[in-house]
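The structure appears below as C-alpha cells.
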Amino acid sequence: MYYRKISCAVVAAAITMSGFAQPKKAALQSKMDQFVSNLIGKMTLDEKIGQLTQYTSDMALTGPSIRAGYKDDIQKGNVGSIFNAYTPAYTRQLQEMAVKNTRLHIPLIFGYDVIHGHKTIFPIPLGESSSWDLAAMEKSAHIAAAEASADGLHWTFAPMVDIARDPRWGRVAEGAGEDVWLGSQIAKARVKGFQGTSFDGTTVMACTKHYAGYGFVQGGRDYNVVDVSNRTLWETILPPFKATVDAGVGSFMTSFNEIAGVPSTANKWLVDDVLKKQWNYKGFVVTDYTAINEMVNHGNVANEKEAGEAAINAGIDMDMQGAVFVKYLKQSVNEGKVKVQTINDAVRRVLEAKYKLGLFADPYKYCNEERAKTEIMSAANLNDARDIARKSFVLLKNYQQVLPLKKSGSIALIGPLGDDKRDMIGNWSGAGDWHKAVGLLEGMKAVAGPGVEINYAKGANISDNKSIVDQMNSQGGELVTDDPDALLKQAMDVARKADVIVMAVGESQGMTGEATSRSDISIPESQQRLMREIYTLGKPVVLVLMNGRPLTLTWEDAHFPAILETWFAGTEAGNAIADVLFGNYNPAGKLTISFPRSVGQIPVYYDMKKTGRPADPNNKYSSKYLDIANDPLYPFGYGLSYTTFTYTQPVLDKKTIKATDKLNVSVTVTNNGNYDGEEVVQLYIRDVVGSVTRPMKQLRNFQKVFLHKGESKEIKFTLTNDDLKFYDANMKYTSEPGDFKVFIGTNSRDTQEADFKLAL
Ligand code: BGC
C-alpha cells in the first residue's frame, strides 16, 4: 500500500490525544508533531491548499455520487475532505483515489451532518434537550457516531450549540434551547458522545457550530445580520462554544452571519484571537457552506480572492465547497497577502485531525462492511431511540387526567401527522430512511393491543397554502394535498363515534431546520380549522404536537384538556408516543425554550432583566403590553407528569459564605400523586445587586430524580463561588460580594426561594 511508505514508522494505529496519562500524551503529541512537520516539509503550496479544500458529494437515486470534476481534483491532490459521501464501499472508492493516486498519499476526511442519528434517528436536538438527561444525549450521540463510523464517516458537523431565543428561526430545532448553562452541559455531553474516549474507528470527530451568534439573527430570518453587545456575546453566546473546547472537540464551523459588521468567516478577533489563542483551541476551523464566497454579498470584500484572504488570515483552515482557496490562495501568497506560515498552520491542523483519527495508519479504518451490516439500525439502537424519544416529550397540559388513555373503548386519531412517516424523523435526518419510521397510528395500535378500537382520519392538510406546500415538496417533503372539505367531513364522522379524540397536529419537518423562518408560528390555518370543528363535539381531546420550534398555542391551551409536545421524535416516534399516551411511560420532559403567547412577545426567555420599571398591572408606565401578559404561555423548565410533586422551602446550611466556601442547599421533593415518576428539580440563582444589572433568575444546576408514588427524597445541591461569577462592569469574570437568592422548583416560574450573602 502506498500510504505505508510515509506512515508506518511513526503512526500508532488508534490514537487519542486526550485519553492518556501526561507522559504518554506528550510522547504521542511529539510523534504527531514530527510526522506532520515531516509531511508539511514535503508538500508543495498546491498540495497544501488542496488539504484546505472540501467538496460535497451529490446524491443520486442509488446513493451518494460525486461529480467527475471532483474525482479529478481528488486524484490531483486538490481536495482534503469530502462531505455527504458515505457507505463503506463508496468512501473506500474515493479514499483509494486519494491515497493511491496522489504524490503524498494523504487520506481524505469524510464529513456529514449526523445531527440526531445517522440511520437510527433520534429526536431532533431541541426535543432531546427537553429530556434534561445528559447521559441519554451522550448515548444517542455515541450511537449516531457508531453507525456513522461503520458507514465510512469520520466527522460529523454537530453539535450545533447556538443559544436560540427566537422561535421564528427554524434552526432552533437543531440546538439545545435558550439557556446558557444547560446549553453548555448538553454541548459537552454531545461532544463526548460523538468522540468517545478515543478515535478507535467506532467514534467520529465532532464539530462545534455555528461560531458564533447565529441564533441571534434579526427577525429570526435565517442567514441574517447579528448585532449583539460584547456582553451578550460573552455572557450568552460564547460559553457553550468554550465548553466544547474544554471537552476536546476536534473541529469548529463558523457561522454565516456577521457580528458587529464582520462576517464570522473573516472575523480574526473571533477565530484567531479568541478561539485559537485565548482558548488555546488546537483543532481546525471549517467554514459553513460557501461562506467565503458569500462575503462578496455581505459587502466586506470586493471579490472572492479578497474573501479568501480575509478568511485564511482570520484563522479559517478549511473552505467548505466554495473553491475559493483552491482558486486564489496561491496567487495571494505570491503577492504577499497571505503568509506561507498561515497556510502551514492551517494545513497542520487539518493533518493533525487526520492523524488523530488514525487515517494515516489506515485510511480504510472506517470502511467496515461487516460493522455496517450488523450495527446500523440494530434492535438495540432502535430500543434506545424509543427510550430517548419518550424522555424528550413534554406534557404541557393534562386537565382532569385525560391522559393516560385507557386500553379499552374507542379512539379517533385525527390529523395530518397521525399516519405519517416522513415527518417522524424530522429535519436534518442524516442518512435516515423515513420509510422505516414508525408512525403514530402504527405505534398506537401496537401498544394499545386488541382491546382498543382506533380509527384514523387525516382531517386536514398540513397546510392549504400552496406556496408552502410546494416549497416543502421541492425538498422531499412528501406532502399530499387532498380536498379540505372532504377531509374535514370524514374526520368529523370518525370523531363522533369515538370516546376520546387524539389529534396529531403541528408542522411538517420541512417547516423547521435551515432556511425555514416563519413569521407566524401558530399551527397552520388548515389544521386550526379542523381543531375548531373537533372542539364543537365536546369530547375529550388530546393534542399530540409535532413540531421543531415553540408554537403559539394560546387557543389550543384554552380549549383542549391535554397537550403532549413530541417534537419530531425519530425512527421510533409512533411507538414512543403511544407508550406515553397509554401510560406505559410517565412523561418527565421539561421545555428548554419558552413558548410565547404570541409572536409579538418575541424575544421571550426566562433569564430576563428586571428593567427600571418592572411590569406592574396597576402602573401604566411600566414595562408591559396593553394587550397581553409579559410572561410566556409555557416557561423554560416547564413540563408536567402523570403524577404530582411537592417541594419544601429550600434550606441553606449557611446564611453567609466566603468565596472559598461551599453552600449546601437542600429541598425535599415528594411524589404525592398516583404514579411513579421522574422530576427535574431545578436550581436558579439571582445576584440581587451587581456592578452591571443581573438576570432575574439563572439556572445553575438540576437533578432528574425518580420517585415512587408516595416517596419523598431530600435533594442536595452545592453552590460554589464559580456559580456566582459573571462579567463585571470591567468585563472581568468574577463574583461580587453582596446579596443573592437561590430558587428551587419544578420550572423557572414556580419556585421557592431563600437568601444568602457572599462576603468579602
Ligand atoms: C449548514 C451547516 C451544515 C452545512 C453542511 C450548511 O448549510 O448551515 O449547518 O453543516 O450546510 O451540510
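The values are calculated or read from the model by the stated rules, or taken from the named source; none is laboratory data. Since this is a predicted model, take the numbers as computed values, not measurements. Backbone-built Cβ (ideal geometry, glycine too); neighbour counts: all protein chains shown.
Filtered by the rule that a residue be farther than 18 Å from SER526 by Cα and touching a Lys or Arg at 6+ places or on another chain (Cβ under 8 Å), segment 446-475 gives ALA448, GLY449, GLY451, VAL452, ILE454, ASN455.
Scanning segment 683-720 for residues that are under 17 Å from THR236 (Cα atoms), hydroxyl-bearing (Ser, Thr, Tyr) and surrounded by 15 or more Cβ atoms within 10 Å (Cβ to Cβ) yields a count of 1.
Residues are listed down the side, and each one gets a yes or a no for (1) under 30 Å from MET444 (Cα atoms); (2) among the basic types (Lys, Arg):
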site: TYR355; (1), (2): no, no
site: ASN368; (1), (2): no, no
site: ALA379; (1), (2): yes, no
site: ARG386; (1), (2): yes, yes
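Here is a check on your reading of the model: is GLY183 of a type outside the set (Asp, Glu) and surrounded by 20 or more Cβ atoms within 10 Å (Cβ to Cβ)? Here the answer is yes, as GLY183 does meet what is asked. When the test is whether a residue is in a strand (DSSP E or B) and at negative phi, LYS188 does not pass it.
Taking the criterion of being touching a Lys or Arg at 6+ places or on another chain (Cβ under 6 Å), within 16 Å of the ligand (Cβ to nearest atom) and touching a residue at least 40 places away in the same chain (Cβ under 8 Å), would at least one residue in segment 334-354 satisfy it? No, segment 334-354 contains no residue that is touching a Lys or Arg at 6+ places or on another chain (Cβ under 6 Å), within 16 Å of the ligand (Cβ to nearest atom) and touching a residue at least 40 places away in the same chain (Cβ under 8 Å).
If you go through segment 210-237 and keep only what is over 30 Å from THR734 (Cβ atoms) and either among the polar types (S, T, N, Q) or within 13 Å of the chain's Cα centre (by Cα) (or both), you end up with GLN218, ASN224.
Looking across segment 203-244, the residues that are of a type in the set (Lys, Arg) and touching a residue at least 60 places away in the same chain (Cβ under 8 Å) come down to LYS209, ARG221, ARG231.
Taking segment 338-392 on its own, how many of its residues are part of a helix (DSSP H, G or I), of a type in the set (A, V, I, L, M) and either at pLDDT below 95 or crowded, with 20+ Cβ neighbours inside 10 Å (or both)? Of the residues in segment 338-392, 10 are part of a helix (DSSP H, G or I), of a type in the set (A, V, I, L, M) and either at pLDDT below 95 or crowded, with 20+ Cβ neighbours inside 10 Å (or both). Scanning segment 605-622 for residues that are buried (at least 20 other Cβ atoms within 10 Å of the Cβ), among the β-branched types (Val, Ile, Thr) and not assigned by TED's automatic domain parsing to the domain that holds ASN671 turns up nothing. Taking the criterion of being more than 12 Å from the ligand (Cβ to nearest atom) and either among the charged types (D, E, K, R) or outside the structural domain of TYR214 (by TED's automatic domain parsing) (or both), the residues of segment 167-201 that qualify are ARG168, GLU178, ASP179, LYS188, ARG190, LYS192, ASP200. So how many residues does segment 260-294 have that are without any contact (Cβ under 8 Å) to a residue 60 or more places away in the chain, under 13 Å from HIS210 (Cα atoms), within 16 Å of the ligand (Cβ to nearest atom) and hydrophobic (A, V, I, L, M, F, W, C)? Counting residues in segment 260-294 that are without any contact (Cβ under 8 Å) to a residue 60 or more places away in the chain, under 13 Å from HIS210 (Cα atoms), within 16 Å of the ligand (Cβ to nearest atom) and hydrophobic (A, V, I, L, M, F, W, C) gives 1.
Considering each residue of segment 34-48 in turn, none proves to be touching a residue at least 24 places away in the same chain (Cβ under 8 Å) and under 32 Å from the mean Cα position of the chain (by Cα).
Among the residues of segment 527-537, is there at least one that is basic (Lys, Arg) and in contact with a helix residue (DSSP H, G or I) (Cβ under 9 Å, 6 or more places away or on another chain)?
yes
Candidates in segment 238-253 are the residues that are surrounded by 24 or more Cβ atoms within 10 Å (Cβ to Cβ) and not in a strand (DSSP E or B); of these, the one that is farthest from the chain's Cα centre (by Cα) is GLY250.
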